[in-house]
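The values are calculated or read from the model by the stated rules, or taken from the named source; none is laboratory data. Source: prediction; values computed, not measured. No Cβ is skipped: glycine too gets one built from the backbone with ideal geometry, and neighbour counts run over all protein chains shown.
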C-alpha cells in the first residue's frame, strides 16, 4: 500500500490504576520502493490515530516511529527494504476492554495520507 508494508506485531494491555489500563500496539513498517519520509499521526488533528471498542473512541496518547515520538505525531526517514519499529499507545482505557473492535492509524508520506485499519485485534497481557 503506497509503497509500504505494515505489519501489526502485537497489542498488549497493562493495568495502571484501579479503573483504567494502557494499551501499546507495535508495528513494523517497511518502505518497499524507495527511501521515504513517513509521518505517523497521533491523537490530535484531523487524521487522528484511534481505537474504537464497544462504542467508545480512545485517541492515541503517544506514537513512536524509530527514534521520533510525540503526542501529535512522529516522523522518520525510512530506508528501502529495512523494517522500522513503530508503536501506538492508548491510555485511560476501560478495564473491561480485552480486544479492539477497530484501530485506525493514519500516516503521511509524499502527498499521500495513508489510512490503516486493523479489526478485531486481540490484546495480550
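Quick one: which residue in 61, 67, 56 is touching a strand residue (DSSP E or B) at 6+ places or on another chain (Cβ under 6 Å) and either within 17 Å of residue 88 (Cβ to Cβ) or buried (at least 16 other Cβ atoms within 10 Å of the Cβ) (or both)? Of 61, 67, 56, the one residue that is touching a strand residue (DSSP E or B) at 6+ places or on another chain (Cβ under 6 Å) and either within 17 Å of residue 88 (Cβ to Cβ) or buried (at least 16 other Cβ atoms within 10 Å of the Cβ) (or both) is 61.
Please indicate, with yes or no, whether at least one residue in the stretch 33-43 is surrounded by fewer than 17 Cβ atoms within 10 Å (Cβ to Cβ) and under 15 Å from the mean Cα position of the chain (by Cα). No: zero hits.
Just one of the listed residues (10, 72, 31) is closer than 17 Å to residue 123 by Cα and in contact with a strand residue (DSSP E or B) (Cβ under 8 Å, 6 or more places away or on another chain), namely 10. Might you check whether a residue that is at pLDDT 95 or above and under 19 Å from residue 2 (Cβ atoms) occurs anywhere in the stretch 54-64? Looking for residues that are at pLDDT 95 or above and under 19 Å from residue 2 (Cβ atoms), one finds at least one in the stretch 54-64, hence yes.
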